[in-house]
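Engineer: If you scroll down you'll find the structure; I have some questions about it.
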């Protein structure tokens, strides 16, 4: 349970301080499944229109308008349609879906049921990353309760709506957070992304039209249906409707996850909610939306607002809501290396630039950080990153290249300071994972 | 036929058009614009993995892979811009980061796509200074080696093995930079050993155990030959150095087999180098076979045969299903004109005469070519196991299933691998009865049915034997569905013959649409032997001999041996004693002359042995089982041996036949074209495979009272009658597959 | 012959029915098989391939892709230290180095007595409670070196049988449902995250 912060606007997290919301009784006691009843009384098109009106954009990272995504699903389909929940939360800096899975699993279920009604699907799966075993267990208990009470299964709420829903565990693969890779994994295969088009709305899981949404996106749906799209949209600036969960981590006094209206000033999040930087240190950089997003130098970071467009104007992305704060003691070479180590580890290996490029950059950054750097390496690493950017099969290559390029751009001097013989603030240890 | 909708696009400022649905990379290729790629391979699934084919397309934010983008009206493409060149260069640079640069000692050096691409598009300077990741080379099977660091992960091998061969023996293990191709049994492969993965590998990651490190590719001559094993007639390109055949492969894909070659076509040809190869004539002197001179051997044969003729002794001739058309034609001529005997036959493995007779008088194409199977809407396969016995036929059937959704109806006494592609599969106890049922009118049937497989929803099932369900409707549904087909190719093996073949044709003819036929015979020139008239009762072109002039057939000749029924037996390129062992004592009164590559069971019993060249060492034509005539080109050589054609001409000369002159395959082919109906086409057409469009038939074929039934050879992928025993590679693979390995 | 318990076999049968095609159950089956056996033995691979009607190669291809799946035994307690960015900024590297020193093993190695194995892992999704360590499936968050030591002490004691709460997991079983009396919560006092382990048991 988390107590609300005075600056928070709790919509998707409104049950986070309710001790029994993860039980059916507790959920029902706080508006649970009322949105489902309302949605089932609406025409599917009307449900989609309501979601469109809310301005809800995907909370997984890409920010695609949710209502629009749903509307792409053909009404008639010879193949079965599916609703999938992407609970493969793996973007470094991001730990919000975990809280929804823990405190409010029924909101996800209800959101999926509403999505199922809207697109005409009768089956859904919740793909939960393997490390979140206790959340899988919790979700399975919630599903069992929902099934026993007639919220999942045949003829739900006596309205002739059938919807079967299961939780499904992953087994350790960041790439499975990519929607088509998730579908491959859900089909029992290696999590290699698929060629697009066709997009999932036309041909997704098992070749059927599929809606796939992030946990937070789906959990936001019941409140939108209950209170209306306009109500939700009013929380943020135009085209950036609603609230979202921000995960604050790094060199702040108070780490945590808070729900804020879009457009919330980053400075306020760090200072008024996070209590400022630890030990009175000075800000060096901020990762605005998970490890894939270009880093913002302090002067930019202090002046931006947390909404899609404002962060985009600062040449980065709102991403997954993972805000990581770096103070001046941070070695940016080491930070770039750690990011690259991650992408190298998680690259599926399918395409050449990502597979070979992340390996190249990781080995170069390791050597560089260990004191074996050459002046030519700085531009070479930039060029290698540029050669990955925009040329890979899926977005993982871009995710590896973008933060690296931003670090090379804004903190070039730190790289030069690392050239042979210079000491590193972090010490020279490189991680074990780099060696295998 | 109306043109499919054409789409107009612009590539590098040049206006192009291509049929709707064409991939951009193919549209470019058709117009001579090369868009480089590694992972793209025509007719295999799309990967977009190597990123070599990135091009600029207007209105698209990023570079696009030409191998996955379908052309669209008004599309404007640039494949020659600075951006595109940079992207290609960088893709090669990335590939080369962990690829060893030891091209001088790489087996693929000189025929490596990565080498060529680097030369053409790559960076002149390596900028990757980190240590390369090294792994030891692995041997996966007697013929497949894998060198992991060289692998560029284009996944061609995985797809060729899975999608093409339906073997699925290769996969991808691990993730990211550790991803690697792996064999199906962790450290080794258990597969059909076709070697297509090696041919399709663009680099030196997969290499052939039978060939590697023997030569450099540019030291060899590359000779397009026709494989001498099964009856499908695949092209195998011989790599020849100093007359020695070092390899067979299919890299240029120009044959009727397209991308395909099986283990025999690729590796079986090492029999040509076997140490027991005969290189001198042998004569039985004091009970033992001793080397003798050619003149002595030829004179001895002629002298004995003249004596036997004088004494009115019977002479028998058994011909070959591997010798060339010109040789088979000349052999029947030699038997009939020079030896003046009608006792002439060959090992029959399919009943061509019954098929052609049943089709006699039909106008239009009644015969299909093997290629037609790739696009056939429906195929009825009766008997046989093409995967084992006719690998190209099986490949084409799978191709049709994959690319054109061919409905494959299978009638078989057993459970064959093509079941996986079957639309309807009937496992029947007796083929004859099943065919009779198909052709019958009744709606009930008493045919005992051992099983009918339902069409499988799974695309690549490992169909367990238990999937053979016995259904009440039995063959009724099978026949009813076939009757709705409008365009069927009927393929049948030597498991059925005579009247059953006629009934099958009657059924085919009763269908409302087009029906065409292919009879599957074993051995490279089985069809040629039949077309050329190696029969006791049929002349070239299946023309009957004069009434009462038929000679003994193969079984009758062999049966006559123990009773001294034949004063001489002349066996050319055949080993009848292998299947019908004969007591040497029974042969004391028979002058046995054998002409072959090796000292086979038959040759060991001979009085005189002529060493013959194999198909790869001579020129002429061969006809595959579906009637496609192809030129055989001379690749290797074998000092001391002679072609069967030359031996026949020399024997004829020694027998006093002065009009024949020296052996000349071209002149013989002219004679064949004058004699055999299906071969009387313009030469260019004939050699382009047009023969099956006309029956090789001169009139009706009389129905023999008790025709000799075909005896299918039942070779597997790894055996090839007597010849296969002399291939070290085939034997090595067989050895490796013994249980308990 | 199945290498799995009848309960697990029954669970697999149920799992395979949840999907339009049974192969969908592969990844969960592999993880649950590993939970029971400690690692994916050749017999486990064979049996799962058989249940799904797939080749062993197809199963191995999938195993190799997922970082949680292993084809070699690990320790009874698999210590997974996150050193990704959020943890890095709050001492993840130090925790990892401490584990290496204390356990005397490195990345993906298992101690000779089989009690502990160590792995430096990627983001565990505990960024706002960094630094985090996962032991088997249990999360320990906002850790100091002292807290880490206490946690490792507790697991070591349990391995010696000193802790009566040790479950029926058996040797080599990771026993994912076990709880530790140690609450590794830090300054914010994420009580809920600390206590969730108890709710599970």
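Engineer: Counting only residues that are in contact with a strand residue (DSSP E or B) (Cβ under 6 Å, 6 or more places away or on another chain) and assigned to a loop (DSSP other than H, G, I, E, B), how many does segment B:606-618 have?
Structural biologist: Count: 2.
Engineer: Hey, can you tell me all the residues within segment C:50-77 that are over 22 Å from residue A:185 (Cβ atoms), in contact (Cβ under 8 Å) with a residue 40 or more places away in the chain and surrounded by fewer than 22 Cβ atoms within 10 Å (Cβ to Cβ)? Talk me through it step by step, then tell me what you get.
Structural biologist: Just the residues of segment C:50-77 that are over 22 Å from residue A:185 (Cβ atoms), to begin with: C:72-77.
Checking the rest, the ones that are also in contact (Cβ under 8 Å) with a residue 40 or more places away in the chain come to C:73-77.
Scanning segment C:50-77 gives a single hit, C:73.
Engineer: Give all pairs with beta carbons closer than 7 Å in which a residue from segment A:129-143 that is more than 21 Å from residue C:124 (Cα to Cα) meets a residue that is assigned to a helix (DSSP H, G or I); count only pairs at least 6 apart in sequence or on separate chains.
Structural biologist: The qualifying pairs are A:142/A:105; A:142/A:106; A:142/A:109; A:143/A:109.
Engineer: Of the residues B:362, B:436, which single one is in contact (Cβ under 8 Å) with a residue 60 or more places away in the chain, surrounded by fewer than 24 Cβ atoms within 10 Å (Cβ to Cβ) and part of a loop (DSSP other than H, G, I, E, B)?
Structural biologist: Values: B:436 fails: part of a loop (DSSP other than H, G, I, E, B).
Only one candidate passes the filter, namely B:362.
Engineer: Limited to segment B:126-148, what total is found for residues that are farther than 16 Å from residue B:178 by Cα and out of contact with any helix residue (DSSP H, G or I) (no Cβ under 9 Å at 6 or more places or on another chain)?
Structural biologist: 2
Engineer: Out of B:87, B:108, report the one residue that is crowded, with 22+ Cβ neighbours inside 10 Å and under 39 Å from the mean Cα position of the chain (by Cα). Working first, answer last.
Structural biologist: Values: B:87 fails: under 39 Å from the mean Cα position of the chain (by Cα).
Going through B:87, B:108 in turn, just one is crowded, with 22+ Cβ neighbours inside 10 Å and under 39 Å from the mean Cα position of the chain (by Cα): B:108.
Engineer: Still on this structure: Which one of these is away from chain A (no Cβ under 13 Å) and surrounded by fewer than 19 Cβ atoms within 10 Å (Cβ to Cβ): B:147, B:166, B:199, B:116?
Structural biologist: On the way: B:147 fails: surrounded by fewer than 19 Cβ atoms within 10 Å (Cβ to Cβ); B:166 fails: surrounded by fewer than 19 Cβ atoms within 10 Å (Cβ to Cβ); B:199 fails: surrounded by fewer than 19 Cβ atoms within 10 Å (Cβ to Cβ).
Going through B:147, B:166, B:199, B:116 in turn, the sole match is B:116.
Engineer: Could you please give the count of residues in segment A:142-152 that are surrounded by fewer than 16 Cβ atoms within 10 Å (Cβ to Cβ) and in contact with a helix residue (DSSP H, G or I) (Cβ under 9 Å, 6 or more places away or on another chain)?
Structural biologist: Here the count works out to 2.
Engineer: Another question about this same structure. Given the structure, is residue B:227 under 23 Å from residue C:65 (Cβ atoms), buried (at least 22 other Cβ atoms within 10 Å of the Cβ), at pLDDT 95 or above and within 19 Å of the chain's Cα centre (by Cα)? It would help to see each step written out before you state the result.
Structural biologist: On the way: under 23 Å from residue C:65 (Cβ atoms): no; buried (at least 22 other Cβ atoms within 10 Å of the Cβ): yes; at pLDDT 95 or above: yes; within 19 Å of the chain's Cα centre (by Cα): yes.
Here the answer is no, as residue B:227 does not meet what is asked.
Engineer: Collect the residues in segment C:47-91 that are under 27 Å from residue A:95 (Cα atoms), outside any loop (DSSP other than H, G, I, E, B) and within 7 Å of chain A (Cβ to nearest Cβ), keeping them in residue-number order.
Structural biologist: Matches in segment C:47-91: C:62, C:65, C:85, C:86, C:88.
Engineer: Can you spot a residue in segment A:218-238 that is in contact (Cβ under 8 Å) with a residue 12 or more places away in the chain, in contact with a strand residue (DSSP E or B) (Cβ under 6 Å, 6 or more places away or on another chain), assigned to a helix (DSSP H, G or I) and within 11 Å of chain C (Cβ to nearest Cβ)?
Structural biologist: no
Engineer: If we only count strands (runs of 3 or more DSSP E) wholly inside segment B:3-98, which ones have 1 or more residues that are out of contact with any strand residue (DSSP E or B) (no Cβ under 8 Å at 6 or more places or on another chain)? Let's see the steps before the verdict.
Structural biologist: Numbers: elements: B:6-11, B:14-19, B:54-57, B:75-78.
Per the criteria, B:14-19.
Engineer: Moving on to the next point. Do we have any residue at all in segment A:205-217 that's modelled with pLDDT under 95 and touching a helix residue (DSSP H, G or I) at 6+ places or on another chain (Cβ under 8 Å)? Spell out how you get there, then give the answer.
Structural biologist: Let us first name the residues in segment A:205-217 that are modelled with pLDDT under 95, namely none.
Looking for residues that are modelled with pLDDT under 95 and touching a helix residue (DSSP H, G or I) at 6+ places or on another chain (Cβ under 8 Å), one finds none in segment A:205-217, hence no.
Engineer: When you check residue A:73 against the structure, is it part of a loop (DSSP other than H, G, I, E, B), surrounded by 24 or more Cβ atoms within 10 Å (Cβ to Cβ), more than 14 Å from chain C (Cβ to nearest Cβ) and at pLDDT 95 or above, yes or no? Before you say what the answer is, go through the steps one by one.
Structural biologist: On the way: part of a loop (DSSP other than H, G, I, E, B): yes; surrounded by 24 or more Cβ atoms within 10 Å (Cβ to Cβ): yes; more than 14 Å from chain C (Cβ to nearest Cβ): yes; at pLDDT 95 or above: yes.
So residue A:73 passes the test.
Engineer: Filter segment B:239-287 for residues that are more than 23 Å from the chain's Cα centre (by Cα), touching a residue at least 40 places away in the same chain (Cβ under 8 Å) and in a strand (DSSP E or B) and give the result. Don't jump to the end; show me each part of the working.
Structural biologist: First pass over segment B:239-287, keeping only residues more than 23 Å from the chain's Cα centre (by Cα): B:241-243, B:275-287.
From what is left, the residues that are touching a residue at least 40 places away in the same chain (Cβ under 8 Å) are B:243, B:276-284.
Across segment B:239-287, the qualifying residues are B:282, B:283, B:284.
Engineer: Do we find a residue being assigned to a helix (DSSP H, G or I) and either at the interface with chain A (Cβ under 10 Å from one of its Cβ atoms) or within 20 Å of residue A:175 (Cβ to Cβ) (or both) anywhere in segment C:102-122? Spell out how you get there, then give the answer.
Structural biologist: Going through segment C:102-122, the residues assigned to a helix (DSSP H, G or I) turn out to be C:102-103.
Now narrow it down to the ones that are either at the interface with chain A (Cβ under 10 Å from one of its Cβ atoms) or within 20 Å of residue A:175 (Cβ to Cβ) (or both): none.
There is no residue in segment C:102-122 that is assigned to a helix (DSSP H, G or I) and either at the interface with chain A (Cβ under 10 Å from one of its Cβ atoms) or within 20 Å of residue A:175 (Cβ to Cβ) (or both).
Engineer: Of the conditions (1) surrounded by fewer than 24 Cβ atoms within 10 Å (Cβ to Cβ); (2) in contact (Cβ under 8 Å) with a residue 40 or more places away in the chain; (3) within 14 Å of another protein chain (Cβ to nearest Cβ), residue A:198 fails just one. Which one is it?
Structural biologist: Here residue A:198 meets the rest and fails (2).
Engineer: Restricting the search to segment B:398-408, which residues are touching a residue at least 60 places away in the same chain (Cβ under 8 Å) and in contact with a helix residue (DSSP H, G or I) (Cβ under 6 Å, 6 or more places away or on another chain)? Write out each step before concluding.
Structural biologist: Step one: of segment B:398-408, the residues touching a residue at least 60 places away in the same chain (Cβ under 8 Å) are B:398-399, B:402-403, B:407.
Matches in segment B:398-408: B:398, B:399.
The values are calculated or read from the model by the stated rules, or taken from the named source; none is laboratory data. Please read all numbers here as calculations on a predicted model, not as lab measurements. Counting neighbours? That spans all protein chains shown, and the Cβs are built from the backbone with ideal geometry, glycine included.
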